[in-house]
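The values are calculated or read from the model by the stated rules, or taken from the named source; none is laboratory data. All values reported here derive from a predicted model rather than from experimental measurement. Methodologically, a virtual Cβ is constructed for each residue, glycine included, from the backbone with ideal geometry; neighbour enumeration extends over all protein chains shown.
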Amino acid sequence: MPARNQVGEPAENSLEDLDAAALTYAQRRSLASPDELDSLRDDMVRHCLPFAGRLARRYRGRGEYLEDLEQVARLGLVKAVDRYDPERGSFTAYAVITISGELKRHFRDRTWGVHVPRRVQDLSLEVGHASMVLTSVLARTPTTGELAERLGVSEAAVREAVESAAGYSPASLNAPVAGDGAAELGDMLGDVDGALEAVTDNLTVTDLLMRLPARERRMLAMRFYGNRTQAEIAADLGISQMHVSRLLSRALGWLREAMLSDTPPAWESGEARSAHAGMHVAVDRDGTAIIVRVRGEVDRDTAERLRIGLRHAVNTEGAASVAVDLTGVPLIDAAGVGVLLDAVRAGEAAQVEICVRGAQPYVARILAVSGLAGVLRRC
């Protein structure tokens with residue numbers, strides 16, 4: 001049936017002024033009988049069908065068949081015709097709003113493969129349209145800031161809309177990813193989380209660390225969490241790098257043994273640790289001279305054993321001098337220096353001369369730096 005002009009009359013041009021046709025339709029509707037209303041309404045809708053088709057074609061190329069979009073646009077046109085009131089303004093403007101709203105609602109509710117909030121869906125469509133316009137104007141892909149400025153929204157909202165656009169037509173996990181079709185997309189996603197297997201070990205190590213002395217815990221934290229070198233740790237704690245290496249090895253060995261046993265072994269301290277560390281003190285007498293031979297490292301863990309030996313030598317009846325033989329001592333720290341200074345004071349109180357001999361270069365340097373070399377006489 002040919003299109004009609006001014007509602008009910010054949011039209012030669014499909015681009016007639018819809019506002020004029022709508023006013024004529026409204027006037028005739030007010031005077032028409034109930035039997036004539038349906039005919040006038042049908043004629044008005046048919047007259048506006050080309051206009052609805054043009055609006056539908058604006059949304060083609062977005063994954064929907066054009067025939068489906070035209071049906072949605074025609075539904076919006078019918079609503080616009082039924083709800084039109086000449087006193088509210090232009091019919092064309094009202095029809096554009098109504099039909100476009102129906103098309104957007106169709107895309108929003110029927111075509112998205114993943115649920116996305118409506119505001120984001122609408123903004124995603126606007127971002128896509130603005131991107132095409134700006135690409136044509138700028139002869140390049142627009143930036144996020146340019147899109148945000150054109151749409152009057154924040155850059156974060158634009159990024160959210162772009163990311164959400166992927167939910168419009170999500171890829172199938174069963175889609176083939178190889179030429180022979182043997183592998184599917186779902187096979188490429190996900191993997192065994194190795195961290196899950198380490199959860200129990202992490203919890204166990206955390207509990208065991210709390211059983212270590214504060215100094216060992218601090219050293220482990222500085223080494224493995226602070227990424228500090230042994231030299232840096234030694235400088236911070238005021239001990240030698242060799243001592244740091246030994247303490248770290250002992251702490252790690254204890255952790256390893258505790259992890260492999262049902263009952264964690266006790267952390268040894270005091271003299272028990274000194275014995276395992278290999279520090280030995282031997283006291284010999286040659287007339288009125290007492291010789292204290294020390295073998296092994298002298299540090300905070302072993303210093304008390306040396307203190308006891310020196311005090312015993314100084315308090316030996318008839319002793320006139322005590323010679324501390326450091327030939328077998330590769331390392332001495334601040335605790336060892338303090339023990340030697342304590343022995344000097346005890347010797348002064350007992351009128352017993354204290355001297356050292358056989359100090360290795362590293363130990364001699366420690367004694368010199370600490371000022372003890374000027375107090376202790378060399379034998």
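Got a sec? Which of 253, 226 is more than 30 Å from residue 353 (Cβ to Cβ), small (Gly, Ala, Ser), modelled with pLDDT under 85 and not assigned by TED's automatic domain parsing to the domain that holds residue 354?
Numbers: 226 fails: modelled with pLDDT under 85.
Matching residue, one of 253, 226: 253.
The residues on offer are 83, 60, 41, and the sole one that is surrounded by fewer than 19 Cβ atoms within 10 Å (Cβ to Cβ) and within 49 Å of the chain's Cα centre (by Cα) is 60. Restricting attention to the range 336-355 and to residues that are under 60 Å from the mean Cα position of the chain (by Cα) and of a type in the set (Val, Ile, Thr), the residue that is nearest to residue 379 (Cα to Cα) turns out to be 344.
Only one of 136, 124 is in contact (Cβ under 8 Å) with a residue 40 or more places away in the chain and not assigned by TED's automatic domain parsing to the domain that holds residue 18. Can you tell me which? Outline the logic, then answer.
Numbers: 136 fails: in contact (Cβ under 8 Å) with a residue 40 or more places away in the chain.
Testing whether each residue is in contact (Cβ under 8 Å) with a residue 40 or more places away in the chain and not assigned by TED's automatic domain parsing to the domain that holds residue 18 leaves just 124.
Counting residues that are under 27 Å from residue 363 (Cβ atoms) and of a type outside the set (Ser, Thr, Tyr), which helices (runs of 4 or more DSSP H) fully inside the range 194-262 reach at least 3?
Once the helices (runs of 4 or more DSSP H) in the range 194-262 are filtered for at least 3 residues that are under 27 Å from residue 363 (Cβ atoms) and of a type outside the set (Ser, Thr, Tyr), what remains is 214-220, 230-237, 241-260.
If you scan the range 182-232, which residues turn out to be surrounded by 12 or more Cβ atoms within 10 Å (Cβ to Cβ) and either of a type in the set (Val, Ile, Thr) or over 19 Å from residue 249 (Cα atoms) (or both)? 183, 184, 185, 186, 187, 204, 205, 229, listed by residue number.
Take the conditions (1) modelled with pLDDT under 85; (2) over 52 Å from the mean Cα position of the chain (by Cα); residue 302 misses just one of them, which is (2). Entry remark, the range 323-341: residues being small (Gly, Ala, Ser), surrounded by fewer than 22 Cβ atoms within 10 Å (Cβ to Cβ) and outside any strand (DSSP E or B) number 3 in total.
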